[in-house]
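Have a look at the structure below, then the notes.
The values are calculated or read from the model by the stated rules, or taken from the named source; none is laboratory data. Computed from a predicted model, the values in this text were never measured in an experiment. Here the Cβ is made from the backbone with ideal geometry for all residues, glycine too, and neighbour counts use every protein chain on show. Only protein heavy atoms, including side chains, enter the accessible area calculation; ligands, DNA and RNA are left aside. Shrake-Rupley method; radii C 1.70, N 1.55, O 1.52, S 1.80 Å.
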Amino acid sequence: MRLPAVLAPRRHNPLRRRADVLRSWLLPATGVLIAVAAPAAGWTAADAVATAAAHQITTRHGVPAVLVRDPPVRIGTGPTEGAGGPVHATVRWTLPDGTRHTGEAAVPPALRAGDRTTVWLDGHGALLRDPVTPGEAAAGSIAAGTVAGCGTVLLLVGAERCGAALLDRRCLDRWEREWAAADGHLGHPAP
């Protein structure tokens, strides 16, 4: 597109109205906002998820535990098959101060009573779920950044469309009033 065609709505014109000027700047302004805000929102969301995952990894520590009883059998798998994701089972672990604790933890379905596993605790010794792996943290970070960036684009495009519709409606209302005044001035009866 040539520069004169881009600048045409912004040039001085006796028929140009303020709403026309605003309407002509709305799309370029939205484009600039999208170019700046969408990557910023995506980067911020991805960084927040990555920081939360890193904090989770550093604040949890694993301790050895023993399964107290067999985990429940998943529907569609036999008792000896290890298919499927983790199941919840009762485990027992001992803290460094010698106190024994029992609780429910996610364990591989192939484990049986008496087998050893690792459970994750916070700084106070409370049982937590397993921390995310680096691959899960990266995938979550990418997903959050993508969703935040795309959401920002959709929000800005929606705001631009609403602004354009409001400006168009304002112009149409003004034209309607001016046509009604001109008809009355020329002696035509009002409908």
List pairs: first in region 48-73 and free of Cβ contacts under 8 Å to residues at least 40 places away in the same chain, second part of a helix (DSSP H, G or I), Cβ under 9 Å, 6+ apart or cross-chain?
A52/A137; A52/G140
Number of the condition not met by P96 [criteria: (1) free of Cβ contacts under 8 Å to residues at least 12 places away in the same chain; (2) closer than 30 Å to T44 by Cα]:
(2)
Counting only residues in region 132-159 that are within 24 Å of H55 (Cβ to Cβ) and touching a helix residue (DSSP H, G or I) at 6+ places or on another chain (Cβ under 6 Å), the one modelled with the lowest pLDDT is identified as V132
Please go through region 93-124 and give me each residue that is closer than 25 Å to H55 by Cα, open to solvent by 50 Å² or more (accessible area, probe 1.4 Å) and among the hydroxyl-bearing types (S, T, Y), ordered by number.
T94, T118
Only one of A53, A89, A40, A48 is small (G, A, S), modelled with pLDDT of 80 or more, within 29 Å of the chain's Cα centre (by Cα) and over 30 Å from C162 (Cβ atoms); which?
A53
